[in-house]
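Following: one structure in structure tokens, then a few remarks.
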Amino acid sequence: MEGWLKASGATGLDDLELVDFPVTGRGARALRPFKQGERILTIPSDCLWTVEHAYADPLLGPVLRSTQPPLSIEDTLAIYLLFVRSRESGHDRASLDTIVRVWI
């Protein structure tokens with residue numbers, strides 16, 4: 001996943017590591033001290049899984065936008081992730097497979 005994020009324009013990854021903390025669970029740990037106000041991590045918006053990303057999907061987006069009452073953010077993203085996972089291929093499917101492989 002780190003390679004994919006870097007190729008997509010993410011910066012700051014070399015100064016952090018993913019850790020499974022005993023008490024609080026998964027998170028990121030700084031590998032060096034940071035100065036106040038220093039940018040720690042930048043991830044391009046195209047790499048993020050957001051409601052807007054889900055709404056922009058040409059197939060599922062219209063369905064998600066039309067639900068009444070509107071779905072919560074969590075429900076929208078859960079449905080979108082399941083929808084992407086059901087696809088046989090594609091950019092979103094490949095990045096989701098990477099997330100699943102790394103975090104689960």
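Points worth noting:
- Test: residue in the stretch 9-16 that is surrounded by 12 or more Cβ atoms within 10 Å (Cβ to Cβ), under 30 Å from Ser86 (Cβ atoms), among the hydroxyl-bearing types (Ser, Thr, Tyr) and not assigned by TED's automatic domain parsing to the domain that holds Asp75: no
- Residues that are of a type in the set (Phe, Trp, Tyr) and touching a Gly at 6+ places or on another chain (Cβ under 8 Å), drawn from the stretch 17-60: Phe21, Tyr55
- Condition check for Arg65: touching a Phe, Trp or Tyr at 6+ places or on another chain (Cβ under 9 Å) and in contact (Cβ under 8 Å) with a residue 60 or more places away in the chain: no
- Residues in the stretch 26-61 that are outside the structural domain of Leu81 (by TED's automatic domain parsing) and over 22 Å from Leu5 (Cα atoms): Pro33, Lys35, Gln36, Gly37.
- Taken over the stretch 29-60, the criterion of being surrounded by 10 or more Cβ atoms within 10 Å (Cβ to Cβ), under 23 Å from Leu81 (Cα atoms) and over 14 Å from the mean Cα position of the chain (by Cα) is satisfied by Tyr55, Ala56, Asp57, Leu60.
- Helices (runs of 4 or more DSSP H) lying entirely in the stretch 31-104 (those with 2 or more residues that are closer than 28 Å to Gly12 by Cα and at pLDDT 85 or above): 51-56, 73-86
- Scanning the stretch 61-83 for residues that are among the hydrophobic types (A, V, I, L, M, F, W, C) and surrounded by 15 or more Cβ atoms within 10 Å (Cβ to Cβ) turns up Leu64, Leu71, Leu77, Ile79, Leu81, Phe83.
The values are calculated or read from the model by the stated rules, or taken from the named source; none is laboratory data. All values reported here derive from a predicted model rather than from experimental measurement. Glycine gets a Cβ as well: all are built from the backbone with ideal geometry, and neighbour counts include every protein chain shown.
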